[in-house]
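The values are calculated or read from the model by the stated rules, or taken from the named source; none is laboratory data. The structure displayed is predicted, hence computed values, not measured ones. Cβ placement follows ideal geometry from the backbone for every residue including glycine, while neighbour counts extend to all protein chains displayed.
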Amino acid sequence: MHYFKMKYIGLLVPLILAITSLHAATQHAGKDHPVHWGYSGSASPDKWGSISNEFALCSSGKRQSPVDIKNEKSAVLYPLRFQYQSIPLRVINNGHTLQANYDTVSGEQTVSIGGKPYPMQTKSVYNSTLMLGDVPYKLLQFHFHSPSEHARKGERVAMEVHLVHKNANGNLAVVSVLLKRGRQNPILQKVLDNVSGRINEVNAAPGISVNAADLLPRNQQLFHYNGSLTTPPCSENVNWFVLTTPMEVSDKQISQFSNLIGKNARPLQAMHWRSMLVSE
């Protein structure tokens, strides 16, 4: 499935696949994800497909991610139109990655009624979207991998950030930005500085906001291919957009992330018959 100027945007994913995909895309662990998987030992990526029937595609799928980006073909692709806004930072270490949630924020606010303070629950909705043609994809979260999951002609860089989106039909689109060694990355530093010491505990950092647009390079030329989630259940029909221009992270940040998470990059997967496109 390619994003040419023909009016062909997205494959319709069956409802069950969409639900499973979203479950993995939000990357909850623990009570929400009871089947243990990881990046080493008896739960390593080469064993994901046999850990659970739910994860069968991890070993049998033919459109898996990540991949080595090479032999790309130039194509006229729809430009990505990012409509992101700043939100209060909410970050979680789910045992597999550091993730910032981007869809909604719930909390308690004190209001005054008759001169007396009363606490009340509030919920704010932040509609940050990625437009693919005329189809909006809502930004759900972004998270990090080290080293990078995608490679460029066999070479991986220090880290990679995935921005996970979902449209009204349940289709997923992931925008990937490679992160090479260099200067400190301001958003990653906010995540590192404010993550809870407890696994699966969401930490809402008072007074600190993030805007996912700050993760993106100015040059938004991209590679595009059809792939999968890079974590179980490895659901396919995920639209991948890997920006050709990397951003930077510092050596200190790479060490901080590694101390918290360790290596969390899935091995490269075969392309099979798929095409890798690059925007003109």
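Overview of values
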| item | result |
| --- | --- |
| Test result for Asn53, without any contact (Cβ under 8 Å) to a residue 40 or more places away in the chain and either closer than 24 Å to Met271 by Cα or in contact with a Leu (Cβ under 8 Å, 6 or more places away or on another chain) (or both) | yes |
| Of all residues in segment 228-280 being small (Gly, Ala, Ser) and crowded, with 23+ Cβ neighbours inside 10 Å, the one that is farthest from Gly182 (Cα to Cα) | Ser235 |
| Members of segment 68-101 found to be touching a helix residue (DSSP H, G or I) at 6+ places or on another chain (Cβ under 9 Å), of a type in the set (S, T, N, Q) and surrounded by 16 or more Cβ atoms within 10 Å (Cβ to Cβ), listed by number | Asn93, Asn94, Thr97, Gln99 |
| Residue among Ser209, Ser196 that alone is touching a residue at least 60 places away in the same chain (Cβ under 8 Å), out of contact with any His (no Cβ under 7 Å at 6 or more places or on another chain) and part of a strand (DSSP E or B) | Ser209 |
| Qualifying residue in segment 17-38 (condition: modelled with pLDDT of 95 or more and either farther than 16 Å from Asn226 by Cα or part of a strand (DSSP E or B) (or both)) | yes |
| Looking only at segment 181-227, and only at residues there that are farther than 22 Å from Gln256 by Cα and of a type in the set (Gly, Ala, Ser), the one that is surrounded by the most Cβ atoms within 10 Å (Cβ to Cβ) | Gly227 |
| Odd one out for Met131, checked against (1) farther than 15 Å from Val238 by Cα; (2) touching a helix residue (DSSP H, G or I) at 6+ places or on another chain (Cβ under 6 Å) | (2) |
| Close pairs from segment 253-280: first assigned to a loop (DSSP other than H, G, I, E, B), partner of a type in the set (Val, Ile, Thr), Cβ under 7 Å, at least 6 apart | Asn264/Thr97; Arg266/Thr230; Leu268/Val67; Gln269/Val67; Met271/Val67; Met276/Ile69; Glu280/Val76 |
| Those residues of segment 139-159 which are of a type outside the set (A, V, I, L, M, F, W, C), in contact (Cβ under 8 Å) with a residue 24 or more places away in the chain, surrounded by fewer than 24 Cβ atoms within 10 Å (Cβ to Cβ) and in a strand (DSSP E or B), in sequence order | Gln141, Arg152 |
| When residues of segment 73-101 are limited to those that are part of a loop (DSSP other than H, G, I, E, B) and polar (S, T, N, Q), the one nearest to Thr230 (Cα to Cα) | Thr97 |
| Segment 232-252, subset of a type in the set (A, V, I, L, M, F, W, C) and in a strand (DSSP E or B), residue nearest to Ala151 (Cα to Cα) | Val242 |
| Selection within segment 103-138 - modelled with pLDDT under 90 and assigned to a loop (DSSP other than H, G, I, E, B) | Asp103, Gly114, Gly115, Tyr126, Asn127 |
| Residues located in segment 77-94, provided they are closer than 22 Å to Gln221 by Cα and at pLDDT 95 or above | Arg81, Phe82, Gln83, Tyr84 |
